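The values are calculated or read from the model by the stated rules, or taken from the named source; none is laboratory data. Everything numeric in this text was worked out from a predicted model, so none of it was measured. Virtual Cβ from ideal backbone geometry, glycine too; neighbours counted across all protein chains shown.
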Amino acid sequence: MPEMVSDKIHDEQKQGTAYAPVSNNLSPNKKHFYIESYGCAMNFADSEVVASVLMDYGFGATADCALADLILINTCSIREKAETTVRKRLTEFRKLKRLNPGLLVGVLGCMAERLKEKFLEEEKLVDLVVGPDAYRSLPGLIEEAETGMKSVNVLLSRDETYADIAPVRLNSNGVTAFVSIMRGCNNMCSFCVVPFTRGRERSRNAASIVQECENLFAQGYREVTLLGQNVDSYHWVDETGHEIVSFAMLMEKVAKISPLLRVRFSTSHPKDITDEVLFTIKQYKNICNYIHLPVQSGSSRVLQMMNRTYSREWYLAKVDRIREIIPDCGISTDMITGFCSETEEDHQQSISLMEYCRYDLAYLYFYSERPGTLAARRFEDDVPLEVKKRRLKELVDLYRIHSLQSMERDLGKTVEVLVEGSSKKSEHELSGRTGQNKVVVFPKMQFKPGDYVTVIIDKCTAGTLIGIPVLQP
Ligand code: SAM
Ligand code: SF4
Ligand code: F3S
């Protein structure tokens, strides 16, 4: 699924941003936690579960790590660079710990799961190491760590979905929210560490998902993104065994909450997305016409080595089918350059696939070998770094042309924008997104976050549409 930064394509895409919670008003009788998240949206959603567990336990939240009694860093292992970023951040927390020896530092998430106790040996200042399925045990682990012991819980679960925990929305814009619908992944793509750090795939109780979305809508939220590593394999059977809920059915249930609640979802695995899902998107105006459909490579030979279980032709047929059923659907992708044994010819296949698909958005990376994965065990990481980077640059350059063309196609069009907040550049402008996930900036006038505004597009950059609201009589 896409990492949190959508408009930056570097040689290695930024892994996520620091994420500070709620407010800075410390209450005198409480201990306070500070949490920072890296990686994919699932990690950001998990931090909101962690915040809920800690607040139930009596902690308050602070946005200033220097004021915290407990610093948590929710980590990502997807590429080596993600881990390097975390280690750098930990050296900064080490300085704070020197000033305040009572301060506890905890590492959560995928890197905690990957490194387990080794983390405590490698990073002496860390007091807690907690894997993604162990957040309920945080209070006990904190108590243990307060006695000076190091605490670790990295047990993965077959059924934990945190279904009954109401996430505390951190740093929220009050309009858009992530809702986790499943955890783990069974796919075993050979390059990927996620099945090892997140465990077996499991779906969350459908009723609890709908309830969470209803609560969000009642609180004024106007968009939910249903999250999972592979949402199309969502499958829930209720306790009586009577109700079986597929992903399409789940989307329908959420879409029916209100026509004013937009529904997004991420990520779709090309092998699993069905016509049922596509027709459901088409049927409901409030389900966004936007699909993140990562291809990873344009070469069938490389796709086979990646264990993606589809070929180039199969993927292209899927893109055709999406465009046939939902002609204006935005499509985005993830691609990796320089996977083991990738030849110049394989790379040209990725280029030509990109030419065919003309993605609206693309998250592009060069291959980073991850210890323990199938690829690390079976294949040699034999494409030199400079070749990986050169191929990546070629894909990025092509993608930039396509993304600008995608924006230019909207010039003169009228689009519906859900306002998320002020634009980055000016208090006098608002920013929001179209159903196709394009960012639109326009003059504020009488509008506010959470409003749906009809905007005529008259300018664009490669990342932003710029327009004027159409005022209703
Ligand atoms: N579940 C999603 C899917 O199947 O497409 C993707 C999840 S992963 C968190 C996000 C992206 O990171 C992947 O789609 C892939 O492009 C990239 N990625 C994963 N492992 C990688 C690796 N070892 N090196 C470089 N990029 C990697
Ligand atoms: Fe990783 Fe593949 Fe699962 Fe996505 S589907 S999380 S790339 S193993
Ligand atoms: Fe996400 Fe990174 Fe883990 S992308 S699932 S936080 S390895």
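Residue-by-condition table, conditions (1) of a type in the set (A, V, I, L, M); (2) assigned to a strand (DSSP E or B):
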site: Leu430; (1), (2): yes, yes
site: Met445; (1), (2): yes, no
site: Gly450; (1), (2): no, no
site: Thr454; (1), (2): no, yes
site: Ile468; (1), (2): yes, yes
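Which one of Glu369, Glu324 is in the same structural domain as Phe265 (by TED's automatic domain parsing) and away from ligand 2 (no atom under 16 Å from the Cβ)?
Numbers: Glu369 fails: away from ligand 2 (no atom under 16 Å from the Cβ).
One residue alone meets the criteria, Glu324.
Report yes if some residue within the stretch 375-398 is in contact (Cβ under 8 Å) with a residue 12 or more places away in the chain and within 22 Å of Leu465 (Cβ to Cβ); otherwise report no.
yes
May I ask you to list the residues in the stretch 421-449 that are in contact with a Lys or Arg (Cβ under 7 Å, 6 or more places away or on another chain) and among the charged types (D, E, K, R)?
Glu429
Just to be sure before I move on: is Ser208 closer than 27 Å to Gly140 by Cβ and either more than 18 Å from the chain's Cα centre (by Cα) or modelled with pLDDT under 95 (or both) in the structure I sent?
Details: closer than 27 Å to Gly140 by Cβ: yes; either more than 18 Å from the chain's Cα centre (by Cα) or modelled with pLDDT under 95 (or both): yes.
Spelling it out, Ser208 is indeed closer than 27 Å to Gly140 by Cβ and either more than 18 Å from the chain's Cα centre (by Cα) or modelled with pLDDT under 95 (or both).
Report whether or not Leu364 is within 16 Å of ligand 3 (Cβ to nearest atom), in contact (Cβ under 8 Å) with a residue 60 or more places away in the chain and surrounded by fewer than 21 Cβ atoms within 10 Å (Cβ to Cβ).
Working: within 16 Å of ligand 3 (Cβ to nearest atom): yes; in contact (Cβ under 8 Å) with a residue 60 or more places away in the chain: yes; surrounded by fewer than 21 Cβ atoms within 10 Å (Cβ to Cβ): no.
The answer is no for Leu364.
Give Arg321, Arg308, Arg312 a once-over and let me know the one that is touching a helix residue (DSSP H, G or I) at 6+ places or on another chain (Cβ under 6 Å) and either aromatic (Phe, Trp, Tyr) or closer than 24 Å to Phe265 by Cα (or both).
Details: Arg321 fails: touching a helix residue (DSSP H, G or I) at 6+ places or on another chain (Cβ under 6 Å); Arg308 fails: touching a helix residue (DSSP H, G or I) at 6+ places or on another chain (Cβ under 6 Å).
Residue meeting the stated conditions: Arg312.
Residues checked against (1) more than 24 Å from the chain's Cα centre (by Cα); (2) within 30 Å of Ile336 (Cβ to Cβ); (3) among the polar types (S, T, N, Q); (4) exposed (fewer than 13 other Cβ atoms within 10 Å of the Cβ):
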position: Lys393; (1), (2), (3), (4): no, yes, no, no
position: His428; (1), (2), (3), (4): yes, no, no, yes
position: Val441; (1), (2), (3), (4): no, no, no, no
position: Ile466; (1), (2), (3), (4): yes, no, no, no
position: Leu471; (1), (2), (3), (4): yes, no, no, yes
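Before we move on, is Val168 over 25 Å from Arg262 (Cα atoms), among the β-branched types (Val, Ile, Thr) and not assigned by TED's automatic domain parsing to the domain that holds Ser431?
Details: over 25 Å from Arg262 (Cα atoms): no; among the β-branched types (Val, Ile, Thr): yes; not assigned by TED's automatic domain parsing to the domain that holds Ser431: yes.
When the stated conditions are applied, Val168 does not pass them.
Restricting to the stretch 50-76, what's the tally of residues that are surrounded by fewer than 24 Cβ atoms within 10 Å (Cβ to Cβ) and either more than 17 Å from Leu128 (Cα to Cα) or acidic (Asp, Glu) (or both)?
Of the residues in the stretch 50-76, 11 are surrounded by fewer than 24 Cβ atoms within 10 Å (Cβ to Cβ) and either more than 17 Å from Leu128 (Cα to Cα) or acidic (Asp, Glu) (or both).
Does Arg158 qualify as being out of contact with any Leu (no Cβ under 7 Å at 6 or more places or on another chain) and surrounded by fewer than 21 Cβ atoms within 10 Å (Cβ to Cβ)? Walk me through it before giving the result.
Numbers: out of contact with any Leu (no Cβ under 7 Å at 6 or more places or on another chain): yes; surrounded by fewer than 21 Cβ atoms within 10 Å (Cβ to Cβ): yes.
Answer is yes for this residue.
Quick one: is Gln229 touching a residue at least 60 places away in the same chain (Cβ under 8 Å) and farther than 17 Å from Thr176 by Cβ? Steps first, answer last, please.
Details: touching a residue at least 60 places away in the same chain (Cβ under 8 Å): yes; farther than 17 Å from Thr176 by Cβ: yes.
Here the answer is yes, as Gln229 does meet what is asked.
Which of the numbered conditions does Asp346 fail, given that it passes all the others? Conditions: (1) out of contact with any Gly (no Cβ under 9 Å at 6 or more places or on another chain); (2) closer than 16 Å to Tyr315 by Cβ; (3) of a type in the set (Asp, Glu).
With (1) out of contact with any Gly (no Cβ under 9 Å at 6 or more places or on another chain); (2) closer than 16 Å to Tyr315 by Cβ; (3) of a type in the set (Asp, Glu) applied to Asp346, the lone miss is (1).
I'm trying to understand the selection: among the residues of the stretch 137-154, which are touching an Asp or Glu at 6+ places or on another chain (Cβ under 8 Å) and within 19 Å of Arg114 (Cα to Cα)? Walk me through how you get there before you give the answer.
Taking the stretch 137-154 first, the residues touching an Asp or Glu at 6+ places or on another chain (Cβ under 8 Å) are 145, 150-152, 154.
Within the stretch 137-154, Lys150, Ser151, Val152, Val154 qualify.
State the number of residues belonging to the stretch 77-104 that are farther than 17 Å from Leu120 by Cα, part of a loop (DSSP other than H, G, I, E, B) and modelled with pLDDT of 95 or more.
Count: 2.
Just name the residue that is nearest to ligand 3 (Cβ to nearest atom) out of those in the stretch 188-217 that are closer than 19 Å to Asp164 by Cβ and acidic (Asp, Glu).
Looking at residues that are closer than 19 Å to Asp164 by Cβ and acidic (Asp, Glu), I get Glu212.
Please note which helices (runs of 4 or more DSSP H) are completely contained in the stretch 256-344 and include at least 2 residues that are surrounded by fewer than 15 Cβ atoms within 10 Å (Cβ to Cβ).
Working: elements: 275-283, 300-305, 312-325.
Those helices (runs of 4 or more DSSP H) span 275-283, 312-325.
When the stretch 35-64 is examined, which residues are found to be in a helix (DSSP H, G or I) and free of Cβ contacts under 8 Å to residues at least 40 places away in the same chain?
Asp56
Could you tell me whether Gly148 is in the same structural domain as Lys118 (by TED's automatic domain parsing), assigned to a loop (DSSP other than H, G, I, E, B) and among the small types (Gly, Ala, Ser)?
Criteria met by Gly148.
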